[in-house]
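Report on the structure given below.
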Amino acid sequence: LILVVTGASGTGTTDVVTVQFNGDTGNNYEWKRTTLSGASSSQTAGSAAAAGQVGALPGPTGTAHYAMTNEITIGNYAGTTFYKAASGFSGGGAASSSGNMLNYLHATIWQNTAAVNAITVALSSGGAFVDGTRVTLYGRS
C-alpha cells in the first residue's frame, strides 16, 4: 500500500504523522526518524509505542501556506508471516521561517503478523489536520 499525506498540522509547530493498524492502540510499535535540515541531521527512536511514526507536517504559524508531502509504503500488508513494516519520506517547507526546507525519513514496525485491514492516521499531538490536508491510499500488488 502507498499512503500519501499532504498538508499541514493545526498545532503550532511541526507535528508527526502516526499510524495504527487494525485499531491496535497497544504498545506494539517501534519507530525511527531521521531529520535532515540544512547541513545537519538528527535521529530519534521509540519502542513500545502506541502508534508508529511515518511522516511530518508543518504547523500553521509563521510563514503561511507551507505544506509537506509524505509518501508512506506499507509492504506485505496482506501477508500473515512477518511483522508489518512501513517506511516514509517527508519533504517540504516548515512554517517556522521562510525557506526552511525539511526532509524526514521514517521507519515503523507493527509487531503483529495479521493482515492490515484498517489504518488510522493521526497527529502525535492529538491535534487536527488543517483544512485542505489530504490523505490518499493507493493499492499496489
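For the reader, a short list of remarks on this structure follows.
- Scanning segment 40-65 for residues that are modelled with pLDDT under 90, farther than 13 Å from Gly12 by Cβ and surrounded by 11 or more Cβ atoms within 10 Å (Cβ to Cβ) returns Ser41, Thr63.
- Candidates Gly55, Gly59, Gly88, Gly92, filtered to the one that is assigned to a loop (DSSP other than H, G, I, E, B) and under 19 Å from Leu123 (Cβ atoms): Gly59
- Scanning segment 1-37 for residues that are farther than 20 Å from Ala49 by Cβ and crowded, with 20+ Cβ neighbours inside 10 Å, we see that the one that is modelled with the highest pLDDT is Gly7.
The values are calculated or read from the model by the stated rules, or taken from the named source; none is laboratory data. From a predicted model like this one, the values you see are computed outputs, not experimental measurements. Methodologically, a virtual Cβ is constructed for each residue, glycine included, from the backbone with ideal geometry; neighbour enumeration extends over all protein chains shown.
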